[in-house]
1. At R0 = 56 Å, how high is the FRET efficiency between VAL396 and THR117 if r is their beta carbon distance? Nearest 0.05 is fine.
2. Dipole of the chain (Lys/Arg Cβ +1, Asp/Glu Cβ -1, origin at the Cα centre): which of GLY256, GLY186, ALA204 lies farthest to the positive side?
3. Could you check the simple spin-label distance between ARG224 and ARG269, using points 7 Å along Cα→Cβ, in nm with one decimal?
4. Using only the Cα atoms of the stretch 234-346, build the gyration tensor, take square roots of its eigenvalues as a ≥ b ≥ c, and label the shape rounded, prolate or oblate: rounded if a/c is under 1.5, else prolate if a/b is larger than b/c, else oblate.
5. Identify the trypsin sites (Lys or Arg not before Pro) of the stretch 347-429 meeting these criteria: DSSP loop state and at most 13 other C-beta atoms within 10 Å of the C-beta.
6. Can you tell me what percent of all Cα-Cα pairs in the chain are more than 42 Å apart?
7. What is the local net charge at ARG415, summed over the other residues whose Cβ is closer than 15 Å to its Cβ (Lys, Arg +1; Asp, Glu -1)?
8. Between LEU102 and LEU60, what FRET efficiency follows from the Cβ-Cβ distance if R0 is 30 Å, with the result rounded to 0.05?
Amino acid sequence: MTTTRAGTQSAPLPDPPVHRLPAQRPLWDRRFTLYFTARTVSLFGDAMMPVAAALAVGALYGISGVGFVLGAWTGTFVVLVLFGGVFADRLGARRMMVGADLARVLTQGVLAVAFFTGRPPFWLLVTMAALAGAAVAMFLPGVNGMVPLVAREPQRANATLKVADALAQLIGPALAGLLITLTGAGTVYAIDAGTFVLSALCLALIRLSPAATGSAAPSGGSLRRDLRQGWHEFRSRTWMWAVILIWMGYGVLVFGPLVPLSSALVGARLGSNAYGLAVSFLGVGTVLGGLLALRLRPARPLAAGTVAMALYTVLPLCVALGADLPVLLVGHVIGGGALAFWSVMWATSVQTHTPPAVLNRVSAYELGGSVSGIALGQILAGPAIALASPERLLLVSAGACLAGCVALFATPAIRGLRRAPATSGSVPE
């Protein structure tokens, strides 16, 4: 339900009308090519940053320093992402994304100069991380809103972007480690700043209709009213809030603890190189899952995605059971493919079943819920080792993954959600 300024309630905004398109119309027109380029280069830059933080910041300020820097980024993002959704609906997603890119040019450029000229003070690292997290909070809610504006077939667009994301995750971390070894952290931060320059330029060159570039939400309303309207639109879609509720549980029990626990177990048993190889194979699986999502168009996308997510159970299970390297790599391929296929089905469902006027705000609510669960899982992973061995904790993760899939499939609103017809988008040729 939507609450008006007077306090009365009205029905949720209706889903936008959809129109079938001829199958031969291409995906790679000028708008999508520019958007794909913008997202690919920024994803590549983002993929280098965890390695840069772990190696460069860790070498100066230790594990606790890395934790504070990453925590500043995540905490600022979670606090501000809902406001990012409101501003994207008011001002237009593209404007917010360009502004966020330019802000990250500043933060990463400052850090590049600081590393080039000596030892960056800790307060500067934390401050720039917090500002970068704020910029991402302004950027990400618009990602979902932009896809229907630049692509006639959102599922194909999302699958293509997921493949690009996976390739960035494959190449970015390895390149970051090599550059830090050969030239220092300043080069990595400078390249990251450059990716945001190119991303902002490509986004600025995308031509949208005045209705799409202007305020999708009434600019005269209060911020609180806009937040409340976004919440009611999110809450009125049972399939959406039910998925996010389950995904918060996944964040705490599966995604959050998986990296610290599996890296420790695999590294101790097979060596750090084996864990790096496993992460690379996770990226290979993500590419395969994205390619599969390009070809398959299930009538019930979330039901199909849930079936795929059940296969993700293999990943924590093979780590917990101490599988040999070949089995471990296969498990990571399967896990990456499962998660990528679900991600495409989910993103497409959100984009095609949410009115454009509130899409960015709704995306902010689902982003905030998902990230908060992962952050909590990461925080609790260390203390949990005092209660049980990492192997047992990962067995719990595997069981939670399977139980979550049962819950997803048992919810009629999730299982029964049908694929929306292809839309013509919001912009003219």
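1. Values: r = 47 Å, r/R0 = 0.83.
Efficiency, from the Cβ-Cβ distance: 0.75.
2. Of GLY256, GLY186, ALA204, it is ALA204.
3. Reported label-point gap for ARG224 and ARG269 is 5.4 nm.
4. Numbers: a/c = 2.85, a/b = 1.62, b/c = 1.76.
Judged from the Cα gyration tensor, the stretch 234-346 comes out oblate (a/c at least 1.5, b/c at or above a/b).
5. On the way: sites: ARG361, ARG392, ARG415, ARG418, ARG419; in loops: ARG418, ARG419.
Those satisfying the criteria are ARG418.
6. On the way: 9986 of 91806 pairs.
So the portion of pairs separated by more than 42 Å is 11 percent.
7. +4
8. Details: r = 27 Å, r/R0 = 0.92.
Between LEU102 and LEU60 the formula returns 0.65.
None of the figures in this text is laboratory data; all of them are computed from the coordinates on show. Note that this is a predicted model, so its numbers are computed, not measured. Virtual Cβ from ideal backbone geometry, glycine too; neighbours counted across all protein chains shown.
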